[in-house]
1. Consider K73 carefully, then state whether it is free of Cβ contacts under 8 Å to residues at least 40 places away in the same chain and open to solvent by 40 Å² or more (accessible area, probe 1.4 Å).
2. So in region 19-35, with the set limited to residues that are surrounded by fewer than 16 Cβ atoms within 10 Å (Cβ to Cβ) and farther than 17 Å from T83 by Cα, which one is farthest from the chain's Cα centre (by Cα)?
3. Output the residues belonging to region 289-312 that are more than 23 Å from A279 (Cβ to Cβ) and open to solvent by 80 Å² or more (accessible area, probe 1.4 Å).
4. Inside region 113-165, can you point out the residues that are of a type in the set (G, A, S) and touching a residue at least 40 places away in the same chain (Cβ under 8 Å)?
5. Can you tell me which residue in region 40-54 is nearest to R76 (Cα to Cα), limited to those that are open to solvent by 30 Å² or more (accessible area, probe 1.4 Å) and touching a Leu at 6+ places or on another chain (Cβ under 9 Å)?
Amino acid sequence: MTSYFKHSTASWDPRDKAKLDTIKGLIEQATSDILNTVDWGANMQMVDEVNSTDNSDVLSEAVRLIRKRIQHKNPRVVMTSLTLTETLVKNCHTAFHTQVATKKFMDSMAAVARTFGSKMGRDELEVADKALELIQAWGEAFMPQRQQVPLFFETWDTLRREGFRFPEPGGGAPVLSPAPVIPGDVGVPAGIVPSNAHANGDAHLAAAMAAVSIEGDGGYPQGNGSPHQYDGGHQYDGGHQYDGAGAGRPAGGGNAADESAMASANSSVEMLEQMLLAAESCEEISANDLIVELVAQVKSLQPKMEALVQDKLMADPDGVGPLLNSIDELHRVLAVYDSVQQGVLPSAAAGGGGGGGG
């Protein structure tokens with residue numbers, strides 16, 4: 001019988017063979033061309049299967065099988081495949097992230113954006129938008145791990161330089177949730193999903209569904225016109241309710257507008273700082289168009305944040321602390337950027353361990 005796996009599994013442990021068979025069946029179920037909506041049951045079973053192994057051969061084969069579905073001609077299959085990938089990246093461990101951040105997989109993601117973006121149909125354009133959404137979200141979320149998984153950022157940057165339009169940086173919901181701990185896995189922090197999925201099945205499913213955009217009805221939950229913006233409080237199949245004030249939102253008092261402004265400012269400032277500290281020279285920073293755009297965005301937020309402080313002082317003086325902290329961080333990171341204009345490396349200006357800091 002012809003094997004459907006790329007590499008021979010003859011020498012594999014029987015348990016790994018069985019797991020791979022299960023994974024293949026779940027991928028086919030989750031990305032079936034007869035689906036009219038996302039099969040969240042299959043998606044979350046895939047999360048459990050992936051998180052129960054750190055075998056690189058199993059994970060590599062799972063990602064290859066998903067990539068083949070992403071290369072499908074049917075936009076419905078591609079959309080469900082992208083949603084499955086989003087769910088897995090959101091909820092799975094670092095070993096899986098490493099398999100996704102490969103040239104073949106990220107080239108396939110970029111090809112979806114290019115190919116479907118050139119078509120005229122609504123379904124095709126929604127697929128292209130979804131691919132771009134994920135590429136940007138991963139580029140932002142994995143910025144601190146850029147040395148380990150560079151292709152997340154590089155794919156985003158390549159498409160941006162080609163002229164593809166992305167939402168403003170930092171506008172999305174948290175991309176990552178804490179995965180179950182696997183020995184030797186350093187992990188990537190964030191989010192809300194518990195590891196004991198079977199013991200907490202409904203909560204696990206609801207949180208993961210809330211973390212990714214639901215395909216259908218235009219493709220994305222609505223929120224400020226951006227496919228990266230989630231408004232929280234959506235009602236999902238099975239009556240699960242997600243509170244949009246979960247992980248990734250700033251703490252402290254204030255109304256929703258204050259928190260939204262702080263979240264946007266904090267995300268943009270953090271991303272700018274990470275890019276500054278990752279640079280190896282002042283020339284690299286000056287030549288990076290994305291950094292220049294982020295600086296302009298952060299500077300434009302400064303008067304808005306200061307106006308919020310004035311309003312907060314009048315309405316709720318005790319709750320002004322988080323806003324002041326956000327403004328302090330904004331000023332500090334802009335000062336780091338200003339030091340670049342004087343020829344000072346950001347690591348030194350920020351007091352980090354680089355060339356001459358103390």
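1. So K73 fits the description; yes.
2. Per the criteria, the residue is D21.
3. K304, Q310, D311
4. A113, G117, G121, A131, A137, A141
5. G41
The values are calculated or read from the model by the stated rules, or taken from the named source; none is laboratory data. Owing to the predicted nature of the structure, the values given are computational and were not obtained by experimental measurement. Reconstructed Cβ throughout: ideal geometry from the backbone, glycine too, with neighbour counts over all protein chains shown. Note: accessible area is taken over every heavy atom of the protein model, side chains too, but ligands, DNA and RNA are not part of it. Shrake-Rupley method; radii C 1.70, N 1.55, O 1.52, S 1.80 Å.
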